[in-house]
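Asks: First the structure, which I've put down as structure tokens, then a few questions once you've had a look.
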Amino acid sequence: MGSNLLRSRSIWIKVSLIIVGATMPLWLTTEMVGLTSLMEDLKEEPTGSTLMLAAFALVMLNTVRALPHYIGALLLGDEIGINTDKAWLKIVIPFVLIPLVYLIINGYNSMDYHFGGPALLLLLSIAILHLLGKGQLRPLFKSFILIQLLFGFQWLDTVLFLSAFGFGGGPISTEVKETAAQLGFGGTLSFYSLVFCGVFIINALVLATYLTVSEQKRQMRQDLAIARLDMVESRSGREALHLVHDLKTPLSLMEGLNSLIQMKTQDKDILQYTEKISSSIQSTSDMVSEILYHEKKNWCTLKTFIEYVRANKLSDSETIYEFDLKADDRIEININKIRMTRALVNLIDNASDAVEGKTNAKVTICTKLDHDGVLIGVKDNGHGISEENIEKIWNAGYSTKSHPGVGLTFVKNVVKEHDAQLSIDSEPEKGTTFWIHLPKERVRDENIDY
């Protein structure tokens with residue numbers, strides 16, 4: 001898991017944001033935003049308008065400087081927490097990284113980069129977002145809310161009576177507030193700062209409420225769609241099982257009549273025909289058993305299985321499929337052929353959707369051997385699956401298409417029934433391969449009549 005995280009491009013993007021935030025004071029200076037000239041004007045000719053402009057420039061500078069590493073730490077903690085299935089890391093990582101960034105900046109910057117009230121409030125807000133969101137808010141939505149809070153809390157640095165509580169301890173913030181007090185604008189500056197702070201915080205609360213409710217509604221619609229699909233499939237499945245079960249009776253009658261014919265004749269041709277009829281009846285009976293009973297498995301060569309998949313899916317498809325069959329087709333696997341075929345067909349359908357519209361569209365059915373057994377795969381040259389979505393695709397209902405995604409959940413269940421494994425190799429813009437890892441049981445000897 002750790003090596004996969006280190007190879008993830010999205011992880012390094014978030015780390016880069018934190019690094020940008022740590023180096024911001026080097027290239028986003030007070031001179032660049034005009035704050036230095038405003039402070040000089042404020043010293044030479046202090047006026048209320050110059051004071052408010054200086055306060056606004058200060059808040060904007062502090063906000064833009066803090067934005068990259070706050071957002072980077074929030075998103076990094078979120079992703080690592082999800083990938084490692086440790087929710088507490090979503091809070092711990094920002095709580096460690098953000099103060100560390102302040103230490104790094106103060107290590108090379110002569111001007112004190114104050115870690116005060118706004119920083120503590122923002123860390124508390126990150127914890128509240130994770131705790132109250134309960135996984136319903138997407139990381140991107142959390143970022144939008146955090147940006148609003150960041151703008152709001154930075155205004156508290158220019159509120160005079162909050163200085164005693166750790167707000168506005170930096171040299172420029174202190175100078176702005178001292179000048180405001182000398183001009184008699186302390187109350188006015190504090191009032192406007194609190195108003196701006198309140199506007200952004202209220203906007204953040206409204207945005208958080210709206211996004212949370214929207215996510216809940218989306219999840220409810222998705223759950224309802226899955227429930228409806230399950231209900232339809234359950235009803236159709238029960239009806240199909242009843243019909244399949246009823247096939248047992250005519251099969252038994254056919255087997256009995258065929259045995260009677262064998263007893264009544266000595267004609268070699270007729271006996272040969274009845275043997276073929278008996279073999280066909282047995283094959284049909286095995287198929288019926290596999291449909292009725294999930295745990296029912298039979299020996300099947302790779303060649304037979306691939307031909308069965310081809311007959312059930314590939315023969316009537318407009319998509320051109322390729323085969324890369326490196327494993328010995330005489331290898332036998334103990335499977336429920338009906339359910340395993342359905343699982344492979346679901347993977348083929350997903351691959352076909354992935355290459356839809358491409359001029360060089362290609363779907364390949366693969367087999368190969370490893371030291372543990374035989375692998376059956378479905379490969380496409382579509383757009384691939386992002387690191388963010390790889391963990392989500394196994395969830396029932398998740399889909400990048402317009403209908404609920406249940407195909408991969410079914411595949412995962414079938415693979416589990418066979419004590420096998422399912423893995424995925426995907427690279428953005430190059431394609432995806434799903435592999436079913438089956439134990440290699442034995443190799444069929446073509447010289448032996450089974």
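The values are calculated or read from the model by the stated rules, or taken from the named source; none is laboratory data. Everything numeric here is computed off the predicted structure, so don't read it as measured data. Cβ: placed from backbone, ideal geometry, glycine included. Neighbour counts: every protein chain shown. Note: areas computed on protein heavy atoms with side chains; ligands, DNA, RNA excluded. Shrake-Rupley method; radii C 1.70, N 1.55, O 1.52, S 1.80 Å.
Asks: In region 346-363, how many residues are surrounded by fewer than 17 Cβ atoms within 10 Å (Cβ to Cβ) and either within 16 Å of Gln421 (Cα to Cα) or of a type outside the set (D, E, K, R) (or both)?
Replies: Adding up the residues that qualify gives 4.
Asks: Just name the residue that is nearest to Asn381 (Cα to Cα) out of those in region 423-438 that are open to solvent by 40 Å² or more (accessible area, probe 1.4 Å) and at pLDDT 80 or above.
Replies: The initial filter retains those residues of region 423-438 that are open to solvent by 40 Å² or more (accessible area, probe 1.4 Å), namely 425, 427-430, 437.
Subsequent filtering for residues that are at pLDDT 80 or above retains 425, 427, 430, 437.
Working: Asp425: 12, Glu427: 10, Lys430: 6, His437: 21 Å.
Among residues in region 423-438 that are open to solvent by 40 Å² or more (accessible area, probe 1.4 Å) and at pLDDT 80 or above, the one nearest to Asn381 (Cα to Cα) is Lys430.
Asks: For region 70-112, enumerate the residues that are at negative phi and part of a loop (DSSP other than H, G, I, E, B).
Replies: Kept after step one, since they are at negative phi, are these residues of region 70-112: 70-84, 86-112.
Across region 70-112, the qualifying residues are Lys86, Ala87, Trp88, Asn109, Ser110, Met111, Asp112.
Asks: In this structure, does Gly168 turn out to be over 36 Å from the mean Cα position of the chain (by Cα) and free of Cβ contacts under 8 Å to residues at least 24 places away in the same chain? Even if it seems obvious, please write down each step before you answer.
Replies: Numbers: over 36 Å from the mean Cα position of the chain (by Cα): yes; free of Cβ contacts under 8 Å to residues at least 24 places away in the same chain: no.
So Gly168 does not fit the description; no.
Asks: Restricting attention to region 185-211, which residues are within 11 Å of Ile145 (Cβ to Cβ), in contact with a helix residue (DSSP H, G or I) (Cβ under 8 Å, 6 or more places away or on another chain) and among the hydrophobic types (A, V, I, L, M, F, W, C)?
Replies: Residues of region 185-211 that are within 11 Å of Ile145 (Cβ to Cβ), as a first pass: 200-201, 203-211.
Those left that are additionally in contact with a helix residue (DSSP H, G or I) (Cβ under 8 Å, 6 or more places away or on another chain): 200-201, 203-204, 207-208, 211.
Result: Phe200, Ile201, Ala204, Leu207, Ala208, Leu211.
Asks: What number of residues in region 45-55 are under 52 Å from the mean Cα position of the chain (by Cα) and open to solvent by 40 Å² or more (accessible area, probe 1.4 Å)?
Replies: Kept after step one, since they are under 52 Å from the mean Cα position of the chain (by Cα), are these residues of region 45-55: 48-55.
Narrowing further to those that are open to solvent by 40 Å² or more (accessible area, probe 1.4 Å): 49, 52-53.
Counting residues in region 45-55 that are under 52 Å from the mean Cα position of the chain (by Cα) and open to solvent by 40 Å² or more (accessible area, probe 1.4 Å) gives 3.
Asks: Of the residues Leu42, Leu74, Leu58, only one is modelled with pLDDT under 85, within 25 Å of Phe167 (Cβ to Cβ) and open to solvent by less than 20 Å² (accessible area, probe 1.4 Å); which?
Replies: Result of the check over Leu42, Leu74, Leu58: Leu42.
Asks: Would you say Leu67 is within 26 Å of Phe167 (Cα to Cα), assigned to a helix (DSSP H, G or I), open to solvent by 30 Å² or more (accessible area, probe 1.4 Å) and among the hydrophobic types (A, V, I, L, M, F, W, C)?
Replies: Spelling it out, Leu67 is indeed within 26 Å of Phe167 (Cα to Cα), assigned to a helix (DSSP H, G or I), open to solvent by 30 Å² or more (accessible area, probe 1.4 Å) and among the hydrophobic types (A, V, I, L, M, F, W, C).
Asks: I'd like to know if region 220-227 contains one or more residues that are part of a helix (DSSP H, G or I), at pLDDT below 85 and among the polar types (S, T, N, Q).
Replies: For region 220-227, residues part of a helix (DSSP H, G or I), at pLDDT below 85 and among the polar types (S, T, N, Q): present.
Asks: Considering only residues that are hydrophobic (A, V, I, L, M, F, W, C) and in contact (Cβ under 8 Å) with a residue 24 or more places away in the chain, look in region 6-18 and name the one that is surrounded by the fewest Cβ atoms within 10 Å (Cβ to Cβ). Walk me through how you get there before you give the answer.
Replies: In the first step, residues of region 6-18 are kept if they are hydrophobic (A, V, I, L, M, F, W, C); the result is 6, 11-13, 15, 17-18.
Adding the requirement that they be in contact (Cβ under 8 Å) with a residue 24 or more places away in the chain leaves 11, 15, 17-18.
Numbers: Ile11: 18, Val15: 14, Leu17: 20, Ile18: 23.
It comes out as Val15.
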